[in-house]
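See below for the structure under consideration.
What follows is calculated from the coordinates using simple rules that are stated; it is not laboratory data. Keep in mind that what you see is a predicted model, and the values were worked out from it rather than measured. As a convention, Cβ positions derive from the backbone with ideal geometry for all residues, glycine included, and neighbour counts pool all protein chains shown.
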């Protein structure tokens, strides 16, 4: 008695030769909106609203990262300004920005970067090379890359 197999022919796996982005440098944003330490907080708020962003890196004249300012930093300034009845014009970015900025390596694997976002609860990480700001990666950048990789093998 012959035994029949009901298993269909196996589909040949496609050998995709296209480059799949796996490094932070492959998906980071390099066209950044940056701020200067001497800028007013009001200018920052206007820029955040106009560009629909939640914060950005602060750089000096040599494009060296000196801080990061976010919507939260601006909200804190508005709240304190109202509480102490102080005019907002007297405040600048340098007084409100976070100076101890955690950065991320451009050569880091995208999946490791995703874990770093989860561990740190940050929304964005600047990328610095030889002291200069070269880019930034956000949680949204990781999500976009994941959607582009959808359908590929997650190796």
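If each residue of separation counts as 0.36 nm, what is the full-extension length gain between residue 99 and residue 120 once their alpha-carbon separation is subtracted?
5.9 nm
With a point put 7 Å past each Cα toward its Cβ, work out how far residue 132 is from residue 148 in nm, to one decimal.
Distance between label points: 2.4 nm.
Modelled label-to-label distance, residue 107 and residue 63, 7 Å Cα→beta-carbon offset: nm?
Placing both labels 7 Å beyond Cα along the Cβ direction yields 2.1 nm.
Sort 143, 133 so that the residue with the fewest other Cβ atoms within 10 Å of its own Cβ comes first and the one with the most comes last.
Ordered from fewest to most neighbouring Cβ atoms within 10 Å, 143, 133 come out as 143, 133.
Taking a quarter of the surface of the Cα convex hull of the stretch 24-149, what do you get in nm²?
8.2
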